[in-house]
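For reference, the structure is listed below as structure tokens.
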Amino acid sequence: MTETPNCVLGVEYSAGGRQWIWRDASLGNVEHRAALGMAQRLGIPELLARILSARGISVETAESFLTPRLRALMPDPSCMKDMDRAAERLADAVRQQEPVGLFGDYDVDGACGTALMADFLRQLGCVVQTHIPDRITEGYGPNVPALDKMIEQGARLLVCIDCGTAAVHVLDELAQKADVIVLDHHKPDGAVLPKCIVVNPNRLDCDSGLGSICAAAVTFMTMTAVSRVLRRSGWFQNHQEPSLIQALDLTALATICDVMPLVGLNRAFVQQGLKVMARGERLGLTTLSSVAGVREDASAMSCGFALGPRINAGGRIAKADLGLNLLLSEDAEVARQLAEELDQVNRQRQTVEGDILEYAMEHAAHQVQAGHAVIFLHQGGWHPGVVGIVAGRLKEKFNRPALVGALADGVIKGSARSVPGLDLGAAIISARQAGVLLTGGGHAMAAGFSVVEENVAAFHALLDEALADARLLPPREALRIDGVLTVHGASLDVAKQLSRLSPFGPGNEEPVLVVQNVRCVKADRIGRDGNTMRVLLRGEDGHVTLKGLVFRAGDADFASVLEDRSMPSLHVAGQLRPENWQGRESVTFFIVDAEKV
């Protein structure tokens, strides 16, 4: 191969169909003086210094990045519009011991935020009702029957969590019946807000600069503000003050699962929250971890791939409040029953998703071949609870925006996922404003919509026009590389040093490294469905080896080069992670791509 600018080891088209490029051009510069100086001054490996420097982190800011402190990074909650009004009204509810109704969204963020506020208010003596809407029968956002029921049962204050900003008509209708507070983070569709207290860093007149935090984080900051009001009024002279530190576990879980950028305040929330989670003080989470077979300490990975999907599963295809009830559970037997039910529901979700995915992949390929910039699939009988997951898988496979919907009674309700640089939410809002959609909204990378069947062609055409640049994208997104190692260099010590960059997620992606010039001397399919591959990589000297894993091996186009028994020389890309099992430390390379030398 011929080396091209910013191309790593000349890989312009890997076995997985991807070009390997440097995440930042400076990573490929062997004379990168800033990184060399950082390594010397901080006493860290040069590879780690290069990665930090490429992410815009200087010697002066490296310590605060590697060890983020919430005390230093969390702003005064009052910086958010309406926060002081919300804090005063909630504090008044505490002082008057008013019944409070909480209405949360059916995803992890909504469940976590609702659990946090319910715990907080109950510790302060309030009677609290909770409601998570059913995705099928109630749909997204506040609805009058559910809120009316809480009012009838005595609630004088209603709090909508992770929803409500767009529910102008619903909440305005309740204005004469109860006070309402909205704690949300979704972008509003214009300047019109409900006539109630709305705390949302993404409302157009809020200049807090906190638009990238999730609703559970907004809830945490609201609890902080309420505690401050009560403290100043002397309430805690005769009452126990709740521990806000203990609330960081669910704040971290929601931040991870709602795919918030893990920089700045969010990074502090997650890093500190994972420490709280590791204490095992929240019965529901420790029980769910056990049922899910999580072997490691609390991590962003265990939250995103084990805990989050199970909590979400109830809201997707079963009882919407299962996750919330688990998070609030204080009875070990009840917690075990709820965790096992969520685990079983998650298995059902995977089956439902798999049934749709095979058809979706085939027909998405046809649309791409036909010249569509955007993939749009819908079908009667598809479960609306999994269409967002399927859309995400299509987006990953074809590297272009994807929309997937479930058709029922002539209306398609669905979810959409996009790729970096293409604002899908704006296109969907534009379609709704043009009268093509019944409902629609979201942000650049994810959105929801509903459309009558006869408008499908017009909607697809509008999307193709608005996001036409998707046709210029390569078939697979380029793989962004952070460094190149030998097998000998892929040591446990290096893996531990790299783990200091965690937690990983949007805005702070886990480093992708290339282990160069290796041969795969062993490859086995393992796991219940054989969809995980365990490999052994051997370096050029023939002595040093590195164990590796490939997840979703059945979908991995590069798997064949690892299983090639002629054992060709390879460059292998992936993430290097330290592991600890029963007190024994080791290093594993999680492979995401490969190419023959």
Open item on the list: Classify segment 371-472 from the C-alpha gyration tensor, please: rounded if a/c falls under 1.5, else prolate or oblate depending on whether a/b exceeds b/c.
Closed with: oblate
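Give, rounded to the nearest 20 debye, the magnitude of the charge dipole that the chain has about its Cα centre when Lys and Arg contribute +1 at Cβ and Asp and Glu contribute -1 at Cβ.
The calculated dipole for the chain is roughly 1120 debye.
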- [ ] For segment 219-248 and segment 525-560, compute the distance between their C-alpha centroids and round to whole Å.
- [x] 50 Å
Task: More than 20 Å apart - percent of Cα-Cα pairs taken over segment 244-318 - done: 24 percent
TODO: With Cα extents along the principal axes in Å in mind, check [x] 83, 77, 54; [y] 80, 55, 41; [z] 75, 60, 46 and report the label derived from this structure.
DONE: [z]
- [ ] Just grab the label-to-label distance for R71 and L36, each label 7 Å out from Cα along the Cβ direction, in nm (one decimal).
- [x] 3.9 nm
Task: Inter-probe distance in nm under a simple model that places probes 7 Å from Cα toward Cβ, at Q379 and T486 - done: 5.1 nm
Open item on the list: Need the list of lysines near K596 for cross-linking: C-alpha distance under 23 angstrom, and skip anything on the same chain fewer than eight residues off.
Closed with: K397, K522, K547
Open item on the list: From the helices alone, meaning DSSP H stretches of at least four residues, give me the mean residue ellipticity at 222 nm for the chain, per-run term -39500 (n - 2.57), in deg cm²/dmol to the nearest 500.
Closed with: -12000 deg cm²/dmol
TODO: Neighbouring Cβ atoms within 10 Å as the yardstick, rank D134, D482 fewest first.
DONE: D134, D482
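Taking 0.36 nm per residue of sequence separation and subtracting the Cα-Cα distance, how much length would be gained by fully extending the chain between D331 and M361, in nm to one decimal?
Fully extending the segment from D331 to M361 adds 6.5 nm.
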Task: For N517, distant residues with modelled amide H under 5 Å away - done: L570, H571, V572
TODO: Among C257, C79, C112, rank each residue by its count of other Cβ atoms within 10 Å, from fewest to most, as a rough exposure measure.
DONE: C79, C257, C112
- [ ] Could you run the Karplus curve 6.51 cos²θ - 1.76 cosθ + 1.60 with θ = phi - 60° over segment 442-454 and give me ³J(HN,Hα) per residue in whole Hz, x for Gly and Pro?
- [x] x, 10, 4, 9, 8, 7, x, 7, 9, 8, 6, 4, 6
Open item on the list: At 0.36 nm per residue, and after removing the present C-alpha to C-alpha distance, how many nm does the segment from D84 to V59 gain when stretched out fully?
Closed with: 5.2 nm
Task: Filtered GluC sites (Glu not before Pro), segment 316-422: DSSP coil and at most 14 other beta carbons within 10 Å - done: E330
Open item on the list: Take the residue pairs K275/K395; K81/K275; K149/K195 and return only those whose Cα atoms are more than 27 Å apart.
Closed with: K275/K395; K81/K275
- [ ] For a quick protection proxy, order the peptides 239-247, 184-192 by their average other-Cβ count within 10 Å, most packed first.
- [x] 184-192, 239-247
Task: Segment D207-Q344, extension gain: residue separation times 0.36 nm, minus the distance between their alpha carbons - done: 45.0 nm
Task: Sequence of E509, E152, E98 once ranked by neighbouring C-beta atoms within 10 Å, starting from the fewest - done: E152, E509, E98
TODO: Could you work out how far apart the two model spin labels at E173 and V192 are, taking each label as a point 7 Å from the Cα in the direction of the beta carbon, and quote it in nm?
DONE: 1.5 nm
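Here, each number is a calculation from the coordinates, and none is a lab measurement. Worth saying up front: this structure is predicted, and the values here are computed from it rather than measured. Quick reminder, even Gly has a Cβ in these numbers, built from the backbone with ideal geometry, and neighbours come from all protein chains shown.
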